[in-house]
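Since the structure comes first, as structure tokens, the remarks are kept for the end.
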Amino acid sequence: MTNQGIAVIESGGADRELKAKHRALWASGDYPAVAAELIPSLGAELVRACGVRAGQRVLDVAAGSGNAAVPAASTGAVVTASDLTPELFDVGRRIAAERDVELEWIEADAEALPFADNSFDVVMSCVGAMFAPHHQVTADELVRVVRPGGTIGMINWTPQGFIGNLFATMKPYAPPPPPGAKPPPLWGDESHVRELFGDRVSDLTFRRQTVRMDHCSNPLEFREYWKRNYGPTIAAYRFNADQPDRVDELDRDFLHFVATWDQGVAGRSHWDAEYVVITATKR
């Protein structure tokens, strides 16, 4: 590990409470359900974009329940799934067993990955690493652990899309971000990502796509789905739990948001969420 990676770990005393909060946030609700019910196709899409093949050493950063790691393992690659929230691994292990694939599951912080420099042929993250608060540190770690000539691949939500606007809707009600933290959807902004990676990568490509979310039949049901299952939404409601008027305001604004973004017809709701597929080669 480089001195930078060691420094991140050694500064962990001040950072430990923040990481504990992030772990608890993503352990709340049911993120594996969100991954399986709203965005099941994204992991396999990222694996294809990265060109993962048998025998490659692959690291999935902020892997959650393995939305990308399990499809990567299905190619015959040697896969390590890492996440700050190991509570999500039980579902991932069950999915892997059902699909008859094996992979390694390791608790790890995207901002201080416990792997040596140049360890992997492919380092990827599917709407995961983008939620680590310090973007430059995260980008540095992604570059550090992939070998020269190896591939970095990410799928990130965009600021302009449904998830970017979901976070904008919740922002007035959410707990204040930690010092130096940047909004997660900035990882979907091309100029921001180019600045993060700089000249350490080549062939940096961006492709915008949408995924259709049609698990719920109407805006009210969809709002309640996010309140029940998605960690950041749960955190916003908990932060205002002792202020009933604020909770009512959040309910109102949230319902207005999902109703406005409803693109369904003939009484069947759906929401198209924009994301960007990013690939790059380490120099």
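The values are calculated or read from the model by the stated rules, or taken from the named source; none is laboratory data. As the structure is a computational prediction, the values presented were derived from the model and not from experiment. Every residue, glycine as well, gets a Cβ built from its backbone with ideal geometry; the counts of neighbours run over all protein chains shown. For the accessible areas, the whole protein counts, side chains as well, though only heavy atoms, and no ligand, DNA or RNA atoms are used. Shrake-Rupley method; radii C 1.70, N 1.55, O 1.52, S 1.80 Å.
If R₀ is 30 angstrom, what is the calculated FRET efficiency for the pair Arg147 and Ala97, using the beta carbon separation as r and rounding to 0.05?
Numbers: r = 30 Å, r/R0 = 0.99.
With a Förster radius of 30 Å, E is 0.50.
First measure r as the distance between the Cβ atoms of Ala181 and Arg212, then evaluate 1/(1 + (r/R0)^6) with R0 = 22 Å and state the FRET efficiency to the nearest 0.05. It would help to have the intermediate numbers written out before the result.
Working: r = 30 Å, r/R0 = 1.37.
Approximately 0.15, to the nearest 0.05.
If all Cα-Cα distances of the stretch 122-206 are sorted into 5 Å bins from 0 onward, what percent lands in each bin, rounded to whole numbers?
Per 5 Å bin, starting at zero, the Cα-Cα P(r) for the stretch 122-206 comes out as 3, 14, 24, 26, 16, 9, 5, 2, 0 percent.
Using a 1.4 Å probe on the protein heavy atoms only, what accessible surface does Asp242 show? Give it in Å² to the nearest 10.
Ignoring ligands and nucleic acids, Asp242 comes out at about 120 Å².
Compare Thr169, Thr205 by solvent-accessible area with a 1.4 Å probe and give them largest first, with all protein chains kept in place. Provide the component values of the computation, followed by the final result.
Values: Thr169 30, Thr205 65 Å².
So, going from the largest accessible area down, we get Thr205, Thr169.
Could you go through the stretch 135-148 in sequence order and give the Karplus-derived ³J(HN,Hα) for each residue, using 6.51 cos²θ - 1.76 cosθ + 1.60 with θ = phi - 60°, rounded to whole Hz, and x for Gly and Pro?
Once rounded to whole Hz, the list reads 5, 5, 4, 4, 4, 4, 5, 4, 5, 4, 8, 8, 6, x.
Any idea what log10 I(q)/I(0) is at q = 0.11, 0.18, 0.20, 0.23 Å⁻¹ for the stretch 71-190, Debye with uniform C-alpha scatterers and no solvent?
Here the Debye-derived log intensity ratios amount to -0.43, -1.07, -1.22, -1.38.
When only DSSP loop residues count, what trypsin sites (Lys or Arg not before Pro) in the stretch 31-134 have their Cβ near at most 15 other Cβ atoms within 10 Å?
On the way: sites: Arg48, Arg53, Arg57, Arg93, Arg94, Arg99; in loops: Arg53, Arg99.
Here the trypsin sites (Lys or Arg not before Pro) that fit, given the DSSP loop and packing criteria, are Arg53, Arg99.
If you roll a 1.4 Å probe over the chain with all protein chains in place, what percent of the accessible area is carbon or sulfur?
Working: 6350 of 12400 Å².
Of all accessible area on the chain, carbon and sulfur atoms account for 51 percent.
On a 1.4 Å probe surface of the protein chains, which of Lys21, Lys171, Lys282 comes out largest in accessible area, and what is the full order? Don't skip to the end; give the middle numbers.
Values: Lys21 125, Lys171 155, Lys282 25 Å².
Output order, biggest surface exposure first: Lys171, Lys21, Lys282.
Quick one: dipole size for the stretch 82-207, taken about the Cα centre, charges +1 on Lys/Arg Cβ and -1 on Asp/Glu Cβ, in debye to the nearest 20. Spell out each step's value before the answer.
Details: 10 positive and 19 negative charges, 91 e Å.
Charge dipole, the stretch 82-207, about its Cα centre: 440 debye, nearest 20.
Hey, in the GNM for the chain with a 10 angstrom Cα cutoff, which one of Leu113, Leu38, Leu142 fluctuates hardest?
Fluctuation is largest for Leu38.
For an R0 of 22 angstrom, estimate the FRET efficiency from the Cβ-Cβ distance between Gln243 and Ala266 and round to the nearest 0.05.
0.05
Rg to Rh ratio, the stretch 212-283, alpha-carbon atoms and Kirkwood radius? Don't skip to the answer; put the middle values down first.
Numbers: Rg = 15.7 Å, Rh = 14.0 Å.
Radius of gyration over Kirkwood radius for the stretch 212-283 works out to 1.13.
Enter the accessible area per residue of the stretch 143-283 (Å², integer; probe 1.4 Å; all protein chains in place). Please list the in-between numbers first.
On the way: 6650 Å² over 141 residues.
Per residue, the stretch 143-283 has 47 Å² of solvent-accessible surface.
Could you work out how far helix 89-98 tilts from the main Cα principal axis of the chain, as a 0 to 90 degree angle to the nearest 10?
70 degrees
Quick one: the Cα spread of the chain along its three principal axes, in angstroms, biggest first?
Here the Cα extents, ordered largest to smallest, are 52, 43, 36 Å.
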